[in-house]
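Here is the structure we will look at.
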Amino acid sequence: MTDEQAIALALAEAQAAAARGEVPVGAVLLAPDGALLARDGNRIVERRDPTAHAEILVLRAGAVALGNERLTGASLFVSLEPCAMCAAALSLARVARVVFAADDPKGGAVLHGPRFFEQPTCHHRPQVSRAGDPVAAGEMLKSFFRARRS
């Protein structure tokens, strides 16, 4: 699966999350060979679990699928820049690559805020790159919150 195909799946998961009333963030986890390990969107409200971010859910499912807490060589694709909790989990899982569409200047922790992977206490630093349409991914979030405020 290509990066563009994987990020498109992540964006579809984000749209599904929005349809469930969740903040529209979706994630996809690929095995080192490019096989799909897991895909999901935020389920914080549904599960009444503040840790049920899309990234965490696919990491958990990927670990089960591989039978290992280390996801060495795996790639995570997500519609929005990961927060500090998710960045820490990605590092602990030893994910090789993190690819995201939209920046999150307020809550992101990769390029913004604490820049988790640049901290000396970060033991594993995945390769970080971009894919997809950041404007469209960002607009999905803006539309979601705009509708909530009106």
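Of note:
- Antiparallel bridge percentage (DSSP; both residues within the chain; nearest 5): 55
- Protein accessible area in the chain, 1.4 Å probe - carbon and sulfur %: 56
- Using only side-chain charges placed at the Cβ, +1 for Lys and Arg and -1 for Asp and Glu, the dipole size of region 1-49 relative to its Cα centre rounds to 260 debye.
- Potential lengthening between LYS142 and VAL128 on full extension [0.36 nm per residue; Cα-Cα distance subtracted]: 2.7 nm
- Multiplying the residue separation of VAL135 and GLN5 by 0.36 nm and subtracting their alpha-carbon distance yields 45.1 nm.
- Difference of contour (0.36 nm per residue) and Cα-Cα distance, THR51 to ALA35: 3.2 nm
- Dipole orientation for the chain: of the candidates ALA38, VAL99, VAL110, VAL110 has the Cα lying most toward the positive pole (charges on Cβ; Lys, Arg +1; Asp, Glu -1).
- Computed over the chain, Cα set: Rg, Dmax in Å: 14.1, 45
- Per residue accessible area in Å² of the chain, where ligands, DNA and RNA are left out and the probe is 1.4 Å: 49
- Within the chain, the longest segment free of exposed loop sites, counting trypsin sites (Lys or Arg not before Pro) that fall outside DSSP classes H, G, I, E and B and have at most 10 other Cβ atoms within 10 Å, spans 49-105.
The values are calculated or read from the model by the stated rules, or taken from the named source; none is laboratory data. Since the structure is predicted, the reported quantities are computational estimates derived from the model, not experimental observations. Quick reminder, even Gly has a Cβ in these numbers, built from the backbone with ideal geometry, and neighbours come from all protein chains shown. For the accessible areas, the whole protein counts, side chains as well, though only heavy atoms, and no ligand, DNA or RNA atoms are used. Shrake-Rupley method; radii C 1.70, N 1.55, O 1.52, S 1.80 Å.
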